[in-house]
1. What nm value, rounded to one decimal, do you get for the distance between THR45 and THR60 when each label is placed 7 Å out toward the C-beta?
2. List the residues, sorted by chain then number, that are 5 or more residues from LEU74 or on another chain and whose placed amide H is less than 5 Å from its amide H.
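Computed from the coordinates by the stated procedures, all read-outs in this text should not be read as laboratory data. Remember, predicted model here, so these are calculated numbers, not experimental data. Positions of Cβ are generated from backbone atoms using ideal geometry, with glycine treated the same way; all protein chains shown enter the neighbour counts.
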Amino acid sequence: MRDGYLRGSLPRTPTARQVDILAAFVAAGGSVPEAAALVGVRPSTAKRHLADLRARSGLTTEQLIYRGRAEGWLVVPGLEPLSRDSR
């Protein structure tokens, strides 16, 4: 064991690509094929990124969405409130 990780285990921090896929999934209303189209990957690739993200975190997709929004690392442009300057 080195730095708290077992050999071959995944770190718990999400990759930027996983966060992009999760944000697209939310923006697409929970549709993997639509999320994949938004990001420009195959649906199977989007599913794999979401599965890896769940495995890394130990959370469900719904829990990841809530946590990401609460902690500020999951930004979904269609859900963000408009600032006073952009109204």
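1. My value for the distance between the label points is 2.9 nm.
2. Distant-sequence amide H within range of LEU74: ARG69.
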